[in-house]
Amino acid sequence: MATETEIKLSLPEHAAKQLGCHVLLSGVQPQRQLLINTYYDTPDCRLRSERLVVRYRQKGDEWLLGVKTAAQLSGGLAQRKEWECAGRPGAFDFSHVDQSAVRELLDSLCDQLQPAFVTRFERAAWLLEPRNGVRIELALDRGTIEAAGRRQPICEVELELLSGSIGDLLDLAVSLQASLPLHPEACSKSDRAYRLMLGTPLVAAKALAVPIEAGVSSISAFQRIALSCVNQLQSNEKGILETDAPEFVHQARVAIRRLRSAMRVWQRHLPAPFTSRFNPLWQEFARGLGEARNWDVFLADTAPGMAAAFADPAEIEPLLGYARSRCISGRQAVRVAFKSAAYSHLLLDFTAALQALPEAQFGPLGDFVPAWLDKCTKRVNQRAAEAQSGDDEARHRLRLAFKQLRYALEFFSPLFAGPVLQDYHQSLTALQEQLGRQNDLAVAMQLAAEALSGRDAELVQAWLAAQNDALLPELETLLAAFRRQLAPWSASAP
């Protein structure tokens, strides 16, 4: 068994010729070969659900049977287990798979395996040795994915680490990206092929739980969580670029909020240059998403109630027309940002810096978790007292405090799962949603002031203020219920 470590980068077809002229490839002759890969699965796609890949690769007269574990791509970086041996197409002998659980599953499904799709591409491969002890294969793949009678083009660069460190691999990727329009891939060839074969609709990607243990180092835990956030962000790219569904923008924004929240949780464990460089960059990128999201929420959630409340449509039609226009322009701005070289560079630069983080001398993760969650809870209680006698701004600060507590709780939840955690999380979620509704109304008042003037603005803002006031008793009830919750990280929690 080998561990495959590689970076996948998409490259526009028009820029593919530039790669061979790159200074880093000067004097290195590429090996060119047609590769035809037939992927297999069961009729119900059991291998896909188990996150396994089985394929036969034809290289000239040679056939290779390959088995891989499916990898999560974050910033284009993937690490997965790989087994490969010579074979005969259609015959399956998995005795070379030395991971018993994987081998037994494949053996049990052997009779059901059938061709699912094919990738066919020409590979130009350069063997690079940036320094002593480091060997990296750089491959340019150009061809097609063929599935269910449909085709999709392939034009991508793969950097596979043969010897050396992940840092060496990322350094090469960053160097190439400095002069080529390379973008870290969010999906592997097989992932794209399954979507093509099944006609799977795009669905907004939500945050997934990250498995961490109390004994893992603090920095390792941060790296896992940060990469998961990057993966969630990138998993929503295609939906943002190809659809108008607002949920993709929302979940991309959530991914960045979670990432910045993680950076805050781990701030004293991280080098100051890391946070001072990347926190402002992610904040700026998220700002455009936030502006687009505000108009999406206004049109989807606030405008229908407003339209029903105002008997004279003329009183609010200027606001609705302005909102629709801003929604369109906001979506266009988000797409421009996701297509920008700055975004591609940020993904790769952040992934490289993340992998280069030194192990801080703070002991295992479990040592600082309770203290941090206690700090978050104290901040929540302080801001709750301010919000109960305060204004929209005070409630906004309380919402942010609850959000930070909730994200931290979700990061660390594998350490203290149980019924107390579930009740506590439900209470947190209910409060955050309530405060979110009130914040949406407060933002709507700002948007109305931007779009309207005079009596129309006064009428709309008065209605929005009344809706906000009507939610205050429920906020009091939810805060009281939250104060009765037992903290799942406390010593008395079961």
Discussion item. I need a count of the residues in segment 266-300 that are modelled with pLDDT under 95 and in contact with a Phe, Trp or Tyr (Cβ under 6 Å, 6 or more places away or on another chain).
Written reply: 2
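Give segment 159-180 a look and list any residue that's out of contact with any strand residue (DSSP E or B) (no Cβ under 9 Å at 6 or more places or on another chain) and farther than 18 Å from residue 132 by Cβ, or say none.
174, 178, 179
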Fill in: Pairs, first in the same structural domain as residue 278 (by TED's automatic domain parsing) and closer than 15 Å to residue 252 by Cα in segment 334-347, second acidic (Asp, Glu) and part of a helix (DSSP H, G or I), C-beta under 7 Å, six or more apart
338/237
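If I ask for residues that are exposed (fewer than 12 other Cβ atoms within 10 Å of the Cβ) and in contact (Cβ under 8 Å) with a residue 12 or more places away in the chain, which ones from segment 32-54 would you list? I'd like the intermediate steps shown before the answer.
Pass one, segment 32-54, residues exposed (fewer than 12 other Cβ atoms within 10 Å of the Cβ): 32, 43-44, 49.
Matches in segment 32-54: 32, 43.
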Practice prompt. Among the candidates 259, 289, single out the residue that is buried (at least 19 other Cβ atoms within 10 Å of the Cβ) and touching a Cys at 6+ places or on another chain (Cβ under 6 Å).
Written response: 259
Discussion item. Test of understanding: among 219, 240, which residue is at pLDDT below 95, within 21 Å of the chain's Cα centre (by Cα), in a helix (DSSP H, G or I) and not hydroxyl-bearing (Ser, Thr, Tyr)?
Written reply: 219
Discussion item. Condition first: more than 17 Å from residue 441 (Cβ to Cβ) and without any contact (Cβ under 8 Å) to a residue 24 or more places away in the chain. Now tell me which residues in segment 295-322 satisfy that.
Written reply: 311, 312, 313, 314, 317, 321
Discussion item. Can you tell me which of (1) acidic (Asp, Glu); (2) under 26 Å from residue 114 (Cβ atoms); (3) out of contact with any Gly (no Cβ under 8 Å at 6 or more places or on another chain) is the one residue 84 doesn't meet?
Written reply: (3)
Worksheet item: Got at least one residue in segment 49-70 being among the small types (Gly, Ala, Ser), at negative phi and over 31 Å from the mean Cα position of the chain (by Cα)?
Response: no
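Checking the condition over 29 Å from residue 159 (Cβ atoms) and among the aliphatic types (A, V, I, L, M), which residue from 314, 342 passes?
It is 314.
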Worksheet item: Any idea which of 286, 292, 207 is outside the structural domain of residue 55 (by TED's automatic domain parsing), within 19 Å of the chain's Cα centre (by Cα) and without any contact (Cβ under 8 Å) to a residue 40 or more places away in the chain?
Response: 286
Fill in: So residue 156, is it acidic (Asp, Glu) and under 26 Å from the mean Cα position of the chain (by Cα)
yes
Practice prompt. Quick one: which helices (runs of 4 or more DSSP H) lie wholly within segment 271-390 and hold at least 2 residues that are touching a Pro at 6+ places or on another chain (Cβ under 8 Å)?
Written response: 272-297, 341-355
Practice prompt. Taking residue 395 as the residue in question, decide whether it is in the same structural domain as residue 255 (by TED's automatic domain parsing) and modelled with pLDDT of 90 or more.
Written response: no
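The values are calculated or read from the model by the stated rules, or taken from the named source; none is laboratory data. Here the structure is a predicted model, which means the values were calculated and not measured. All Cβ positions, even for glycine, are placed from backbone atoms using ideal geometry, and neighbour counts span all protein chains on display.
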